Amino acid sequence: MPLELVTVPCLEDNYAFLIHDAQSGDTAVIDVPEAAPIKAALTERGWTLTHVLLTHHHWDHVDGLADLLADQPADHPAKVIGAAADAQRLPPLDQEVAEGDSFTVGGDTIEVIDVSGHTVGHIAFHAPASKLLFTADSLMALGCGRLFEGTPAQMHESLTKLAALPGDTTVCSGHEYTTTNAKFALTVDPDNRALISRSKDIADKRASKMPTVPSMLQLEMDTNPFLRASDPAIASTLDMTGATPLDVFTEIRARRDRF
Ligand code: ZN
Ligand code: FE
């Protein structure tokens, strides 16, 4: 049975996620922007937290952790898992992981992918059997995270790894930025029919306050400009015909920063 997924809106525009294995009862949260909505989502379902997976050290992904763990039974504390490369600036970890490592939540294997760029040491979690991918501020719905620490080349490489995963993977990213991302995407890829139709869908969803996260990887492949830097139409719109995908990606990221 695939892991059950619950999206938990937090703070102004963050998302945390719960995954739950019905057979074992194992339950993991991915990122902890604040404790209260996560506690409420657990209580509502009668689930007990067994794992905490942290993607990166930014406050809006870890600040609720101490409060969340304070509720944990002393004999069965949830195991906190995060990047070895970032251990010095993450909350205390019970397990440090790096690209290529894997661990289990219930019956499911979770693989660690290094997706440096937004920060150096940012990791994504991939549950291949359940086709779930937790990307936080690396690959985002119609966008990618701002480059606070890494280079465009690092982010491009990170996104290229994610793009190689199966198209029917569900992408669980960290923020509700999709409305702005859609407006920007249309400036670099204005004739993309899939993007035009997705933009309408996003406007409809947000008009009724529905989340646009998670999204399907194939839809990101078809519409997210940061995954489409090798598309000749985008290069042409940017007056960069013949440029390398990395150069086009770098230009798209720079334009998004100014947007
Ligand atoms: Zn961040
Ligand atoms: Fe964030």
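Working only within segment 113-138, note down all residues that are under 16 Å from HIS156 (Cβ atoms) and either among the polar types (S, T, N, Q) or not in a loop (DSSP other than H, G, I, E, B) (or both). Steps first, please.
Going through segment 113-138, the residues under 16 Å from HIS156 (Cβ atoms) turn out to be 113-120, 122, 124, 135, 137-138.
Hits for segment 113-138 are ILE113, ASP114, SER116, THR119, ALA124, THR135, SER138.
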Taking ILE19 as the residue in question, decide whether it is of a type in the set (A, V, I, L, M), farther than 13 Å from VAL80 by Cα, within 16 Å of ligand 2 (Cβ to nearest atom) and open to solvent by less than 20 Å² (accessible area, probe 1.4 Å). no
Exactly one of (1) assigned to a strand (DSSP E or B); (2) within 16 Å of ligand 1 (Cβ to nearest atom); (3) among the polar types (S, T, N, Q) is unmet by THR109. Its number? (2)
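Might you check whether a residue that is of a type in the set (Ser, Thr, Tyr), in a helix (DSSP H, G or I) and more than 16 Å from ligand 2 (Cβ to nearest atom) occurs anywhere in segment 167-180?
yes
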Could you check segment 26-91 for helices (runs of 4 or more DSSP H) lying wholly inside it with 3 or more residues that are surrounded by 14 or more Cβ atoms within 10 Å (Cβ to Cβ) and away from ligand 1 (no atom under 16 Å from the Cβ)? 36-45, 65-70
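Could you tell me whether segment 66-83 includes any residue that is more than 16 Å from ligand 2 (Cβ to nearest atom), farther than 23 Å from PRO2 by Cα and touching a strand residue (DSSP E or B) at 6+ places or on another chain (Cβ under 7 Å)? Break it down into steps so the answer makes sense when it comes.
Quick first cut of segment 66-83, residues more than 16 Å from ligand 2 (Cβ to nearest atom) only: 66-81.
From what is left, the residues that are farther than 23 Å from PRO2 by Cα are 66-77.
Those left that are additionally touching a strand residue (DSSP E or B) at 6+ places or on another chain (Cβ under 7 Å): none.
There is no residue in segment 66-83 that is more than 16 Å from ligand 2 (Cβ to nearest atom), farther than 23 Å from PRO2 by Cα and touching a strand residue (DSSP E or B) at 6+ places or on another chain (Cβ under 7 Å).
The values are calculated or read from the model by the stated rules, or taken from the named source; none is laboratory data. In this text the structure is predicted, and so the values were computed from the model without any measurement. For neighbour counting, all protein chains shown are included, and Cβ atoms are generated from backbone atoms with ideal geometry for every residue, glycine included. For accessibility, only protein heavy atoms count, side chains too; no ligands or nucleic acids. Shrake-Rupley method; radii C 1.70, N 1.55, O 1.52, S 1.80 Å.
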